Amino acid sequence: MIETPPMATEGESLEIAGRKLGGSSFAIIAGPCAVESREQLLETATAVHDAGATLLRGGAYKPRTSPYAFQGLGQEGLRLLAEAKAQTGLPVVTEVLDPRDLEHVLEVADVIQIGSRNMHNYALLAEAGRCGAPVLLKRGLSSTIDELLMASEYILREGNEAVILCERGIRTFETAYRFTLDLAAVPVLKERTQLPVIVDPSHAAGRRELVTPLSLAAAAVGADGLLVEVHPRPDDAVCDGPQSLATADFAGYVERVQAAAAVAGKTLSSARPLAEMAG
Ligand code: PEP
Ligand code: MN
């Protein structure tokens, strides 16, 4: 008989406003790239909640390549995220770019996101380590797994153990998609740390046709969750429309991801009671 090697031991799960992430719990963190308007955010938040998402994502402060591109609604965006959270009950994940904004961000965020471009911003990492909230840390777009783990240490050493690592695609010579999604990073990170590991298929893909297949693969390879961009009208999105799933397609997406997560022994931790979802 051929012996199958043991799977890496499961990490501990984190609890975020009553929702579990990690261990045997799979999280879907969904929402727009950027908070654009009250209508856009509330429409998205309601749709992702009803489809069974675990947390709501949405950027109020956007790290843009061009300083002339939309930079996010800032404090107005945070206010809208608070309204979406009050309306749906979904905990909120949002990015912080500048430690000076942390105080305001923490008034609404249940999880603060440190984006790819800031993975090496050690002052911001240390502040996040002292902020008392869970931190979603994205892999730098040209960073090694070692560098990601070292960046996470800047948060952990301040006493904050609630860190979620996120693989979001890295730069390679390939140009057929936006970034190369490094799915091998998932089991490798799980060998090296007990921290939950999630995957962002949206920024890696750059186009929505690839988001579902990459999400299914990420769930099957043992990721603890997905960070995925969703918009009610992706063609009108201010940023990252081409890679955003439409809210109308989101319930079908969640169903397929749930089945793939089950292959890896994980159950979707939904903001909606399971009984309600079955109905
Ligand atoms: C995002 O998730 O909104 C984002 C900007 O992603 P990244 O930092 O991975 O580019
Ligand atoms: Mn985006």
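Filtered by the rule that a residue be in a helix (DSSP H, G or I), farther than 22 Å from GLY58 by Cα and in contact with a helix residue (DSSP H, G or I) (Cβ under 9 Å, 6 or more places away or on another chain), region 191-205 gives a lone residue, ARG192.
Here is a yes/no grid of residues against (1) of a type in the set (Asp, Glu); (2) within 15 Å of ligand 2 (Cβ to nearest atom); (3) farther than 16 Å from THR144 by Cα:
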residue: ALA184; (1), (2), (3): no, no, no
residue: PRO187; (1), (2), (3): no, no, no
residue: LYS190; (1), (2), (3): no, no, no
residue: LEU195; (1), (2), (3): no, no, yes
residue: VAL199; (1), (2), (3): no, yes, no
residue: ALA204; (1), (2), (3): no, yes, no
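Do we have any residue at all in region 181-191 that's surrounded by fewer than 22 Cβ atoms within 10 Å (Cβ to Cβ) and touching a residue at least 60 places away in the same chain (Cβ under 8 Å)? Yes: region 181-191 contains one or more residues that are surrounded by fewer than 22 Cβ atoms within 10 Å (Cβ to Cβ) and touching a residue at least 60 places away in the same chain (Cβ under 8 Å). Residues satisfying the criterion are absent from region 204-221 (criterion: within 16 Å of ligand 1 (Cβ to nearest atom), touching a residue at least 60 places away in the same chain (Cβ under 8 Å), farther than 14 Å from TYR177 by Cβ and not basic (Lys, Arg)).
Within the group LEU189, LEU183, LEU149, which residue is in contact with a strand residue (DSSP E or B) (Cβ under 7 Å, 6 or more places away or on another chain) and more than 20 Å from ASP240 (Cα to Cα)?
LEU189
Entry remark, region 206-235: residues being within 15 Å of ligand 2 (Cβ to nearest atom) and either assigned to a loop (DSSP other than H, G, I, E, B) or under 20 Å from THR44 (Cα atoms) (or both) number 11 in total.
Of all residues in region 154-190, those satisfying the criterion of being closer than 21 Å to GLY225 by Cα and assigned to a helix (DSSP H, G or I) are ILE155, LEU156, ALA185, VAL186, PRO187, VAL188, LEU189, LYS190. Of the strands (runs of 3 or more DSSP E) contained entirely in region 19-104, those carrying at least 3 residues that are touching a Lys or Arg at 6+ places or on another chain (Cβ under 7 Å) and in contact (Cβ under 8 Å) with a residue 40 or more places away in the chain fall at 25-31. The condition of being under 20 Å from HIS231 (Cβ atoms) and within 16 Å of ligand 1 (Cβ to nearest atom) holds for only one of PRO32, PRO67, that being PRO32. When region 183-203 is filtered for residues that are among the small types (Gly, Ala, Ser) and away from ligand 1 (no atom under 15 Å from the Cβ), only ALA184 remains.
Residue by residue, here is whether (1) of a type outside the set (A, V, I, L, M, F, W, C); (2) away from ligand 1 (no atom under 16 Å from the Cβ); (3) at pLDDT below 95 holds:
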residue	(1), (2), (3)
VAL96	no, no, no
GLY115	yes, no, no
LEU125	no, no, no
ALA162	no, yes, no
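The values are calculated or read from the model by the stated rules, or taken from the named source; none is laboratory data. Just so it is clear, the structure is predicted and the values come from calculations on it, not from any experiment. We place every Cβ from the backbone using ideal geometry, glycine too, and count neighbours over all the protein chains shown.
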